[in-house]
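Enquirer: What follows is a structure written as structure tokens; I'll ask about it next.
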Amino acid sequence: MTPPDEYLDQVRRAMSGMEPRVRDDILLELRSHITESTAANGGNVNASLAAVGSAEEVGRHYRELYGYGRSYKILFAAIAFFLAFPSVPVLAVGTESLFPYALSIIFLVIAAVWILWVSVAAGSRAGILAGFAAMVSRFAAFGIAAVTLAGAETTATGLGLLITVSVMLVLLGWIPGTAKRAWSAPRAQL
């Protein structure tokens, strides 16, 4: 395997999770750039590769720039859906105690942390999708509990809290990714 092939293989691994078509187009363009740079450097491949930068950094930069692929975004949303489902405390049936509420708060915190990570790592669109999946999951869990639990009562305060927290999960998916993009934007040089 030639040094450019090894380098491009490392870049490909660093871009894992990207849409395959986009990743392959980037790799073709990068190969062309390395070939032109090598010809301009009098055939010095190592100088051309050094000028491009570390393969891991280049791959991560492209993944940050173009984001994760559709299948990864769906996976992120599915995980958020399943994490948020047990975050509705009415799903626990039994004697009145703090345990069902504490358990639901733990799952809510885990779902929120997951949505934050998705938003920062995969961008605000993936974060919004994960937050929306969590919101739908919470509404579905509440609906199932309301229909199946005999004698279940719904208060306006409880319903308002369910809706507020669920909508905040969507916002939680939007804000960090948007802030990261705004803070990492290139600054104008004076």
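The values are calculated or read from the model by the stated rules, or taken from the named source; none is laboratory data. As the structure is a computational prediction, the values presented were derived from the model and not from experiment. Here the Cβ is made from the backbone with ideal geometry for all residues, glycine too, and neighbour counts use every protein chain on show. The protein model used for the area step is the full one, side chains on, heavy atoms only, and it has no ligands, DNA or RNA in it. Shrake-Rupley method; radii C 1.70, N 1.55, O 1.52, S 1.80 Å.
Enquirer: Give me the pairs: first residue in region 141-164 and in contact (Cβ under 8 Å) with a residue 60 or more places away in the chain, second residue open to solvent by less than 60 Å² (accessible area, probe 1.4 Å), beta-carbon distance under 6 Å, and six or more apart or on different chains, which are they?
Expert: Ala152/Ala146; Leu162/Phe142
Enquirer: Then there is this: Could you grab the pairs with beta carbons closer than 9 Å, sequence gap of 6+ or different chains, first residue in region 46-71 and more than 15 Å from Ile26 (Cα to Cα), second one of a type in the set (Ser, Thr, Tyr) and open to solvent by 50 Å² or more (accessible area, probe 1.4 Å)?
Expert: Within 9 Å, the pairs are Ser48/Thr35.
Enquirer: Could you please find all residues in region 31-45 being modelled with pLDDT under 85 and in a helix (DSSP H, G or I)?
Expert: Residues satisfying the conditions do not exist here.
Enquirer: So if I check each of Leu49, Leu65, Leu28, which one is open to solvent by less than 30 Å² (accessible area, probe 1.4 Å) and either modelled with pLDDT of 85 or more or under 19 Å from the mean Cα position of the chain (by Cα) (or both)?
Expert: Checking each option against the conditions leaves just Leu49.
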